[in-house]
Amino acid sequence: MIGGSTYKAGTFYVYAVLLLVAGVAWLMLSATPAISGHILCPFRKITSLPCPSCGSTTSVSLMMSGQWQSAFYANPLGYVIAIVMIGATFWLTVDIATGRRGLYNTYYTIEDRLRRRPLLLFIILSPVIAIWIWKLMST
Amino acid sequence: MDAQKVDMYLMAHSKYFESHNIGMLRQAMIDADESKMIAIQSVSLKDPTTTLILSILVGYLGIDRFMLGDIGLGIGKLLTCGGLGIWQIVDWFLIMDRAKEINNNNVIAALSY
């Protein structure tokens, strides 16, 4: 297909489903007392500084209990992650049920476009970096 | 293409490709015509060792994946803090083969245009 780094469709969907399941499992586990508040991020452990997605799990959990503003303050990326998780669930279900490859094609088309135009990638990543700087300054 | 030139290329670039693909790659290069030589030389190959070093040092930011061209996975790694640390460690083992696989795919793609 496009470029050298595409996976075969079967592999892609298996990974996508596994990632989604892992994400949901993590979300549910993080609410349990055993894990709650426990820092798993290696970056945080080594440098004791927050990484760009620090607090995003907290953010999504807060969203599930309806606290939209606290969710934003915990980490704005939580919104991105929530949208991706919900969207991916639907899209993966549709794709696997109908045997089409909508997500697969769209994913690699976007990836190809981003690869050709590093400027686009920079535009997408600059909010992430901005959030990171904001987090670093508020510790 | 001239088999000797192909062999020279493969010897000079052996570390960029997975060993089990070399046979197929060699055959594909020999079957292609001479004009493809320039196309192959201009394929940007990712150094597996450099990628591994990146992965170990800054893997949790997804930089290793970005450098390989796996933009989507790179963003995913970045947003999930190295996949909660787990993906980061898994990638230490996967990333060299992934770099070689990408090199292989890129050269084959250059040969088929």
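The values are calculated or read from the model by the stated rules, or taken from the named source; none is laboratory data. Since this is a predicted model, take the numbers as computed values, not measurements. Note: ideal-geometry Cβ built from the backbone for every residue, glycine included; neighbour counts use all protein chains shown. Surface accessibility is based on the protein's heavy atoms, side chains included, excluding ligands, DNA and RNA. Shrake-Rupley method; radii C 1.70, N 1.55, O 1.52, S 1.80 Å.
So here's what we get for this one:
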{"read-out": "Protein heavy-atom accessible area occluded, B/A pair - total, 1.4 Å probe, Å²", "value": "1900 Å²"}
{"read-out": "Peptide B:68-77, shielding by other chains (average Cβ, 10 Å cutoff)", "value": "6"}
{"read-out": "0 to 90° range, to nearest 10: angle between helix A:9-30 axis and chain A longest Cα axis", "value": "20 degrees"}
{"read-out": "Calculated [θ] (222 nm, deg cm²/dmol) that DSSP helices of n ≥ 4 give over chain A, each run adding -39,500 (n - 2.57)", "value": "-23500 deg cm²/dmol"}
{"read-out": "Net length gained if the chain between residue A:65 and residue A:94 were fully extended (0.36 nm per residue, minus Cα distance)", "value": "7.7 nm"}
{"read-out": "Accessible area (Å², 1.4 Å probe, nearest 10) - residue A:58", "value": "80 Å²"}
{"read-out": "Peptide A:38-51 - average C-beta neighbours from other chains (10 Å radius)", "value": "3"}
{"read-out": "Mean accessible surface per residue for the protein assembly as shown, computed with a 1.4 Å probe while every protein chain stays in place, in Å²", "value": "56 Å²"}
{"read-out": "Sorted largest first, extent of the protein assembly as shown alpha carbons per principal axis (Å)", "value": "67, 45, 34"}
{"read-out": "FRET efficiency, 1/(1 + (r/R0)^6) with R0 41 Å, evaluated for residue B:89 and residue A:117 via beta carbons", "value": "0.85"}
{"read-out": "At 1.306 mPa s and 10 °C, Stokes diffusion of the stretch A:34-95 via Kirkwood alpha-carbon radius, µm² per second", "value": "125 µm²/s"}
{"read-out": "Heavy atoms of residue A:24: accessible area, 1.4 Å probe, square angstrom to 10", "value": "60 Å²"}
{"read-out": "A:90, B:66, reordered so the largest accessible area comes first (probe 1.4 Å)", "value": "A:90, B:66"}
{"read-out": "List A:44, A:116, B:65, ordered by accessible area with a 1.4 Å probe, largest first", "value": "A:116, A:44, B:65"}
